[in-house]
Amino acid sequence: MYCYLTRELSIVKIFSRLNYPLILIITLILILFCLITSALPQENQSVVEAPINPAFLEYNSINGNNIADEGVPLGYIPSPVNSSIFKGVGTEQMETESFPSSYDLRDYNQVTPVKDQGNCGDCWAFGTYGSLESYLKPGEITDFSENNLKNLNGFDYGPCKGGNILMSTAYLTRYDGPVLESSDPYNPSSGSSPSGLSPVKHIQEVLFIPEKESALDNSGIKQAIMTYGGVTGSFYYNEAFINSLQAAYYYPYQAKANHEITIVGWNDNFSKNNFTYGPSGNGAYLCKNSWGTTWPDGNQGYFWVSYYDTVLGFDELGVFENAESVDNYARVYQYDPLGFVGSIGTIGSDSIWMANIFQSKADEKISATGFYTLVPDTQYLVQIYSGVTSTPTSGTLIATSSGTIGVPGYHTVTFTPASLSKDQKFSVVLRLISPGYNYGGAVEFPISGYSSGVTSSSGQSYVSSNGDLWADYSNIRTNGNVCIKAFTISQDTGSISISSIPSGASIFLDSVYTGYITPFTLTRISMGSHIVRLTKTLYNDYTANINVNPGETSTLSAIMTLKPSTTTPFITSTSTVTTPIITQTTSFTPTETVFTTLPTPTIEVTPTTTTTMTPETTPTSPIILPLPDVTNSSRSIDSDSLYRDLNGNGIHDFGDVVLYFRFIDWISLNEPVWYFDYNKNGRADYGDVVALFYML
């Protein structure tokens, strides 16, 4: 229907030779029809797609080369999504007014060894795992397979033809990786990998760090390094601009990124005179490369990039974090194996509604959803409906969640689990409000030469401008899907309640550390027999077999007796320890994993009376050792049973935070960890550093 007044006037002219009253009546009817239909919602017209990244179109038009003229391997290619949208600072980012003038993750054992990509354009895979492996250290020393990522990412580019952070994110969040290096060793000349390998982690969070606004706008990158570890970043490499003797690189001209590395530190005072072409000021980032340890000129694979470089920090930046146990969820529902390819929005609005309809494969509970946000401080509303029919909101609302996400990226949002019946259709409805950006919804669709393998069916993905009237996205974009995942857990679970044990005892379930809060209840435990072990310094270990039935709570009360000698070996939740009162221990390394097929349990405090212990000899105060090479005259515990004054100057200040960073491994081995466990996860780790900073 062509509802334009000019069209109506032309109709009047055509029929002007006929009966005038009849013409007038016909014209009025047509105009009235146009007015009525134009007032109806037109979902296909109001929901639109964002333009494709011009850099991506240009790269593909010239069939970009991933090997530099100098013969060194590169491999970064732009994605269809313009990373310039990831700008601004979200409220979730720590508001740090100042940072140390220099910082190096290697000083904190938070960088894995330099690798060599060989003559293969897959630097993006090494940048990805440079970040993820750094995030897990020092608690977990893991070597992931770049070979598997480059070969099985699912995109159209060949194994050595390049990639980017969104390709890595798609591969990891669909649970195809990471797999261990030992399972699929690196081979730059091979495009094949073993089939059927299982991931060893589930990646639930990927952050897209907003680009810099200027050369000295470095707070976002510095904060990410201190909080999460290595940051993967892209820059433009040209051999003429590297000063190999100083391992210093600075490119002063406009260019598009062609190589990806891992940023692992910085030095505000790194001299501008170290660069071949001097920038206007001092300062540089320490970067880990993937060209082996002999580059550049024997500098062990690390080099410096000036703050004033025109590309690094102004292009793709990301952090791969929140690597969880593969037992965190029983099942994932998804239609977007290639993930975030483009974005959609509502004309004239920063709000967009999207939804997926799935069919449950078992009696289970939906407990989380995964989706992308594209700008800082995106507001989200998640609604879960069961028993849906023709549209996402046609069923019964069974769960909701809402909030604001400060940093763009892929996120997992949890909520109170809601029951689903086998073969029941359910929906995940998502509303996003992306401040200042009108294309806030991440979608997947086929792009020739990039994601041509994407497929979809009707009745899967839906979009809406208002949340009431829905359009099937496959009717708008052929083979298009919205990027929303659903995560479920098993229905068949029970609980274990543990009480009557000394406060501060460490608790293990099936040899896995779960915490030391007492009394408490572990929920969502798998059915069957489990071994519960309780340990505490100076007390004898207590071990019990306990049977768990679905829907029931099994209670364990334990009395731990004092050890006959303070030199008796005992189990700790960290690793080998030697202190003045402990001469021998047994090593035990805790992990995040708690159950074989079920999620990590939540811990709920229950009002249970604790049995009073009467030990023969109990230290009146904890033994806090001074940090190595630190004059630590004050070693008293605060009123909340935490120890904050690490440098012994009588106050809690930023110097204590720095010392915790520096000596985190030593603290894990030599101190009573619970007095230094600021984030209450049962061990000394980098989360405690962040928590200690917040306590300032």
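So which strands (runs of 3 or more DSSP E) are wholly in the range 333-401 and hold at least 1 residues that are among the hydrophobic types (A, V, I, L, M, F, W, C) and surrounded by fewer than 20 Cβ atoms within 10 Å (Cβ to Cβ)?
Working: elements: 342-346, 351-359, 364-373, 378-386.
Counting at least 1 such residues, we get 378-386.
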>> When you check Gly406 against the structure, is it in the same structural domain as Asp468 (by TED's automatic domain parsing), buried (at least 20 other Cβ atoms within 10 Å of the Cβ) and touching a Ser or Thr at 6+ places or on another chain (Cβ under 7 Å), yes or no?
In response: no
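Can you find, within the range 195-209, the residue that is farthest from the chain's Cα centre (by Cα) among those that are in contact (Cβ under 8 Å) with a residue 12 or more places away in the chain and assigned to a loop (DSSP other than H, G, I, E, B)? Before you say what the answer is, go through the steps one by one.
Taking the range 195-209 and keeping what is in contact (Cβ under 8 Å) with a residue 12 or more places away in the chain, we get 197-209.
Filter once more, keeping what is assigned to a loop (DSSP other than H, G, I, E, B): 197-201, 209.
Details: Leu197: 22, Ser198: 19, Pro199: 16, Val200: 16, Lys201: 12, Ile209: 11 Å.
Out of the qualifying residues, it is Leu197.
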>> I need the full set of residues from the range 298-307 which are surrounded by fewer than 24 Cβ atoms within 10 Å (Cβ to Cβ), touching a strand residue (DSSP E or B) at 6+ places or on another chain (Cβ under 9 Å) and assigned to a loop (DSSP other than H, G, I, E, B), in order please.
In response: Gly301
>> If I filter the range 171-193 for residues that are modelled with pLDDT of 95 or more and closer than 20 Å to Ile225 by Cα, do I get at least one hit?
In response: no
>> If I ask for residues that are modelled with pLDDT under 75 and surrounded by fewer than 19 Cβ atoms within 10 Å (Cβ to Cβ), which ones from the range 495-511 would you list?
In response: Ser499, Ser500, Ser503, Gly504, Ser511
>> I'm trying to understand the selection: among the residues of the range 279-297, which are touching a Ser or Thr at 6+ places or on another chain (Cβ under 9 Å) and either free of Cβ contacts under 8 Å to residues at least 12 places away in the same chain or outside any strand (DSSP E or B) (or both)?
In response: Pro279, Gly281, Asn282, Gly283, Asn289, Ser290, Trp295, Pro296, Asp297
>> Which of the numbered conditions does Pro435 fail, given that it passes all the others? Conditions: (1) of a type outside the set (Gly, Ala, Ser); (2) under 17 Å from the mean Cα position of the chain (by Cα); (3) not in a strand (DSSP E or B).
In response: (2)
> Do we find that Ala362 is of a type in the set (A, V, I, L, M), under 19 Å from the mean Cα position of the chain (by Cα) and over 20 Å from Ile165 (Cα atoms) in this structure?
Replying inline: no
> In this structure, does Trp266 turn out to be crowded, with 21+ Cβ neighbours inside 10 Å and without any contact (Cβ under 8 Å) to a residue 60 or more places away in the chain?
Replying inline: no
> Of all residues in the range 450-494 being modelled with pLDDT under 80 and outside any loop (DSSP other than H, G, I, E, B), which is farthest from Val382 (Cα to Cα)?
Replying inline: Gly494
>> Name the residue that is nearest to the chain's Cα centre (by Cα), counting only residues in the range 235-278 that are in a loop (DSSP other than H, G, I, E, B) and polar (S, T, N, Q).
In response: Asn258
> Can you tell me which residues in the range 128-181 are closer than 12 Å to Thr112 by Cβ, assigned to a helix (DSSP H, G or I) and touching a strand residue (DSSP E or B) at 6+ places or on another chain (Cβ under 9 Å)?
Replying inline: Tyr129, Gly130, Ser131, Leu132, Glu133, Ser134, Tyr135, Leu136
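What do you reckon, is Ala215 surrounded by 18 or more Cβ atoms within 10 Å (Cβ to Cβ) and either in a helix (DSSP H, G or I) or among the small types (Gly, Ala, Ser) (or both)?
Values: surrounded by 18 or more Cβ atoms within 10 Å (Cβ to Cβ): no; either in a helix (DSSP H, G or I) or among the small types (Gly, Ala, Ser) (or both): yes.
So Ala215 does not fit the description; no.
Go through the range 316-332 residue by residue and tally those that are closer than 20 Å to Pro376 by Cβ and surrounded by fewer than 22 Cβ atoms within 10 Å (Cβ to Cβ).
Start the filter on the range 316-332 by keeping residues that are closer than 20 Å to Pro376 by Cβ, which leaves 316-322.
Filter once more, keeping what is surrounded by fewer than 22 Cβ atoms within 10 Å (Cβ to Cβ): 321-322.
Number of matching residues: 2.
With crowded, with 24+ Cβ neighbours inside 10 Å, in contact with a Gly (Cβ under 8 Å, 6 or more places away or on another chain) and of a type in the set (Ser, Thr, Tyr) as the only criterion, which of Ser134, Ser189 stands out?
On the way: Ser189 fails: crowded, with 24+ Cβ neighbours inside 10 Å.
Every option except Ser134 fails the conditions.
The values are calculated or read from the model by the stated rules, or taken from the named source; none is laboratory data. None of these values were measured; they are calculated from a predicted model. When we count neighbours, we look across all protein chains shown, and the Cβ atoms used for this are built from the backbone with ideal geometry, even at glycine.
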